[in-house]
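Working notes, beginning with the structure itself.
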Amino acid sequence: MVAPRFRSRTFRRVKVRTPSGRVVLTHKPRKKGKAQCGSCGCVLAGTSTGTLSKMKHSKTKKRPQRPYGGVLCSKCSRILIVKKARQA
């Protein structure tokens, strides 16, 4: 029987061939999806995808260094900044 913590679908089932030639079912954590823009929903460029435990070790690789970096795409952030500049 599988350990109770692996019974949920938070872990994906992967078939792995062992050195003895047997095929064994192992449980690995699911991969994170790609970051999406908060306004238009397109995939963000310049952001790395990974689990939170791996992402906290690479702070410089996390997101672009601009306003709304890692939240909005460059196109939407440019539109928002121009809109705020016109209001002020």
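The values are calculated or read from the model by the stated rules, or taken from the named source; none is laboratory data. On a predicted model such as this, the values are computed, not experimentally measured, just so you know. Cβ coordinates were reconstructed from backbone atoms using ideal geometry, including for glycine residues, and neighbour counts include every protein chain displayed.
In table form, for the structure just shown:
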read-out: Qualifying residues in the stretch 49-63 (those that are surrounded by 13 or more Cβ atoms within 10 Å (Cβ to Cβ) and assigned to a loop (DSSP other than H, G, I, E, B)) - the one modelled with the lowest pLDDT; value: Lys62
read-out: Members of the stretch 1-43 found to be closer than 30 Å to Cys76 by Cα and either touching a Lys or Arg at 6+ places or on another chain (Cβ under 7 Å) or at pLDDT 90 or above (or both), listed by number; value: Arg30, Gln36, Cys37, Gly38, Ser39, Cys40, Gly41, Cys42, Val43
read-out: Qualifying residue in the stretch 35-48 (condition: surrounded by fewer than 13 Cβ atoms within 10 Å (Cβ to Cβ) and either polar (S, T, N, Q) or in a helix (DSSP H, G or I) (or both)); value: no
read-out: Contacts under 8 angstrom Cβ, first residue in the stretch 31-53 being in the same structural domain as Cys73 (by TED's automatic domain parsing) and on the phi > 0 side of the Ramachandran plot, partner of a type in the set (Gly, Ala, Ser) and surrounded by 12 or more Cβ atoms within 10 Å (Cβ to Cβ), 6 or more apart; value: Gly46/Gly69
